[in-house]
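Taking it in order: structure first as structure tokens, then the write-up.
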Amino acid sequence: MPKSCEIIFENNKKWVESKIAENPEYFHELAKTQNPDYLYIGCSDSRATAEELMGLKPGEVFVMRNIANVVNTLDMSSTAVIQYAVEHLKVKHIIVCGHYNCGGVKSAMTSEDLGLLNPWLRTIRDVYRLHQRELDSIEDETKRYDRFVELNVQEQCINVVKMACVQERYILEEFPIVHGWVFDLKSGKIIDLKIDFEKILIDIQKIYNLTNSDWVMSRKR
Ligand code: CO
């Protein structure tokens, strides 16, 4: 017998009651505004949650999740989320968080026609092509898969940095800083890949520099 949605409404009722018991004004305050410092870009995988694994509460993190935490310039969802988070919410940190055992990354490792998923997975396959020499040199398949997850995070971080709003805001405010993390399902730990954001920004601006406009330069501190 499949689970019904009733349990969710029961859970929700209990959650509302517990929040009000802690603070009678909780929802009144929650409804006022949001002021998150973090944008979290993660995988849709049901095991790789955002708020729960980071121990953050409602209002503390702006979230976008899709298959294999992809940031693609042709995907309006990711570009709109990043633009809004950077320009309006003025987040201080953008986190791209992949996870080991990612089905999306695994699918991109296999040469199989997956229909509508093909164009989505192609962005991830492009990561493989960029790092083919390193990945092909890893004989152990599990290790190669893990490394592919990490390199996908790295490349999606670079895709975030390619965006004009990120480059402009960083020049003006020294924020947001982009981070690449991997969530390890087997240990529950978040691993910081220690992506060198400044170096990526400098490297990438040789090709993708979008901050030479008079407007940005005139406002530079
Ligand atoms: Co995944």
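Worth pointing out:
- Candidates Lys106, Lys194, Lys13: whichever shows maximal mean-square fluctuation once the chain is modelled as a Gaussian network with Cα springs under 10 Å: Lys13
- Choice from Ser18, Ser77, Ser187 showing the highest fluctuation, given a GNM over the chain with Cα pairs closer than 10 Å: Ser18
- Take each peptide in 149-161, 120-132, 39-51, 23-35, count the other Cβ atoms within 10 Å of every residue, and average; sorted highest first, the result is 149-161, 39-51, 120-132, 23-35.
- Note on region 34-220: with neighbouring protein chains present and a 1.4 Å probe, carbon and sulfur make up 51 percent of its accessible heavy-atom surface.
- Residue-normalised accessible area of the chain, given per residue in Å² at a 1.4 Å probe: 61
- Shape class of the chain from the alpha-carbon gyration tensor: oblate, with a/c at 1.5 or above and b/c at least as large as a/b.
- Antiparallel %, DSSP beta bridges [both residues in the chain], to 5: 15
- Fully extended contour minus Cα-Cα distance, from Met109 to Tyr208, at 0.36 nm per residue: 32.8 nm
- Note on Ser137 and Lys19: with the Förster distance fixed at 45 Å, the Cβ-Cβ geometry gives a FRET efficiency of about 0.30.
- Separation of the Ile177 and Ser44 label points, Cα + 7 Å toward Cβ, nm: 3.2
- Which listed pairs, of Lys92/Lys162; Lys106/Lys206; Lys32/Lys199; Lys3/Lys186; Lys57/Lys206; Lys57/Lys106, have C-alpha distances above 29 Å, in listed order: Lys106/Lys206; Lys32/Lys199; Lys57/Lys206; Lys57/Lys106
- Highest-MSF residue in the chain out of Ile20, Ile207, Ile190 [GNM, Cα springs under 10 Å]: Ile20
- Charge tally around Val153: other residues with Cβ under 12 Å, Lys/Arg +1 each, Asp/Glu -1 each, net -2.
- The aspartates and glutamates whose alpha-carbon is closer than 17 Å to the alpha-carbon of Lys90, local same-chain residues fewer than 8 away aside, are Asp37, Glu60, Glu168, Glu173, Glu174.
The values are calculated or read from the model by the stated rules, or taken from the named source; none is laboratory data. Everything numeric here is computed off the predicted structure, so don't read it as measured data. Positions of Cβ are backbone-derived with ideal geometry, glycine not excepted, and every protein chain shown enters the neighbour counts. We work out accessible area using only protein heavy atoms, side chains counted, and drop any ligands, DNA or RNA first. Shrake-Rupley method; radii C 1.70, N 1.55, O 1.52, S 1.80 Å.
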